[in-house]
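Right, one structure below, let's go through it.
Nothing in this text is a laboratory measurement; each read-out follows from the coordinates by a stated rule. Given the structure is predicted, the values throughout are model-derived calculations rather than measurements. Positions of Cβ are backbone-derived with ideal geometry, glycine not excepted, and every protein chain shown enters the neighbour counts.
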Amino acid sequence: MATHEILAATQAVVTLDVALPGIVWPWLVTVNMWAKSIGTGVIFMLFYLLRTHPESGKNLRFMTAALAFISINVFLLFTLADLHQPFRMWHIFFYPHWSSAITWGSFMASAFLGLLTLLVFLGYTKKDETFDKVLLWTTILAIPVTLYTAALLSQCTARELWQMPAESIQMILAATLAGSASMILLGGNKLTYEAKKSLGVILGLSALMAFIVYMSEYIFGPGKAEELAAILQYIKGDGEYTVMFWLGQWMTYLLPMFLIVLSRASKSESILKLAAILALVGLFIVKHVWLMIPQLLPMS
């Protein structure tokens with residue numbers, strides 16, 4: 001055998017060209033997305049409060065930065081735990097493939113975490129002016145960080161449900177919903193009534209728009225593709241995830257919207273906090289169902 005033939009044989013590349021059976025992305029990825037929504041969302045809300053309700057926002061700099069820091073670390077930890085070869089994750093940084101959403105997401109999430117670390121330090125040392133300057137760039141970076149998962153899902157072949165336009169909208173709304181809910185609970189007595197009312201409006205509008213997106217996919221999606229119709233059967237009728245899907249829709253969107261209207265009419269902070277808790281818990285359920293059902297459909 002010629003030398004060049006031996007070299008070619010030893011450097012062969014094996015390519016997987018068949019569908020992977022079963023669930024590839026488990027509940028670890030649900031935690032990943034849920035924590036990311038909280039981490040980016042509270043940064044959006046702090047930026048909003050400091051410009052519209054500065055008296056409320058000024059006392060929440062350190063607490064918000066700390067919550068975002070913890071949430072993004074949870075996001076990164078569960079991302080790492082889900083990797084099939086977690087000890088090779090450094091390859092992403094030293095051998096990047098810029099056509100992959102994972103590469104872009106890894107670099108942006110790392111930069112975002114670096115800025116959050118700086119915000120925690122500035123908040124703890126009460127360097128408010130510098131904090132607000134860094135917060136601006138952190139908020140800008142939070143936008144692609146929260147959209148990154150939508151880009152990743154859209155790159156999955158044969159997953160008709162995960163389309164970029166709808167997924168990107170869902171990711172942004174999940175961040176504003178989780179962020180406003182978290183700030184309502186985190187702020188407590190530090191928030192004025194007007195600030196709480198504004199956060200409640202953001203929570204309610206985020207819930208309404210997200211519910212419209214989900215129902216649009218649920219009602220009109222089957223007419224778009226046979227694969228999508230088959231996927232949605234898992235949440236229709238006696239489908240495997242029907243109960244969990246509707247439980248999530250009620251907890252995350254419908255009940256919080258009703259409770260927010262009720263809290264504004266009665267000026268009850270307790271009802272507003274209940275709406276925030278339901279939205280946060282329900283968001284995990286909603287994300288889990290939307291992640292699972294496309295993976296249940298056989299690809300053969």
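Fully extending the segment from Thr125 to Ser266, taken as 0.36 nm per residue of separation minus the present Cα-Cα distance, adds 46.9 nm. Placing unit charges on the Cβ atoms of the charged side chains and taking the dipole of the chain about its Cα centre, the candidate lying farthest along the positive direction among Leu272, Gly39, Leu203 is Leu272. Only lysines eight or more places from Lys58 in sequence, or on another chain, were considered; those with a Cα closer than 16 Å are Lys126, Lys127, Lys133, Lys190, Lys196. Net charge dipole, the chain: roughly 1200 debye, given to the nearest 20, about the Cα centre with Cβ charges of +1 for Lys and Arg and -1 for Asp and Glu. When each full DSSP H helix of the chain is screened for a Cα extent of at least 15 Å along its own axis and an average Kyte-Doolittle hydropathy of at least -0.5, the helices passing are 27-52, 61-82, 101-124, 128-154, 164-187, 193-220, 255-266, 269-296. In this rough spin-label picture, where each label sits 7 Å from Cα along the Cβ direction, the Thr192-Leu136 distance is 2.3 nm. Each label point was placed 7 Å from the Cα along the Cα-to-Cβ direction; for Val24 and Phe258 their separation is 3.9 nm.
Toward the positive end of the charge dipole of the chain, about the Cα centre and with charges on Cβ (Lys, Arg +1; Asp, Glu -1), which of Leu262, Ala68, Leu283 goes farthest? Positive-end residue among those listed: Leu262. Legend: ranking of residues Thr103, Thr52, Thr146 from fewest to most surrounding C-beta atoms inside 10 Å; resulting order Thr52, Thr103, Thr146. Counting neighbouring beta carbons within 10 Å and listing from fewest to most, the residues Lys267, Lys287, Lys58, Lys273 come out as Lys267, Lys58, Lys273, Lys287. Around the Cα centre of the stretch 175-300, unit charges on the Cβ atoms of Lys, Arg, Asp and Glu (plus for the first two, minus for the last two) sum to a dipole of about 640 debye.
Each stretch of four or more DSSP H residues adds -39500 (n - 2.57); spread over every residue of the chain, this sum gives -25000 deg cm²/dmol at 222 nm.
Among rounded, prolate and oblate, which fits the chain when a ≥ b ≥ c are the square roots of the eigenvalues of its C-alpha gyration tensor, a/c under 1.5 means rounded, and a/b larger than b/c means prolate? Oblate is the answer for the chain, as a/c is 1.5 or above yet b/c matches or exceeds a/b.
Positive-end ranking of Leu49, Met164, Ile212 along the dipole of the stretch 24-296, with charges on Cβ about the Cα centre, is headed by Leu49.
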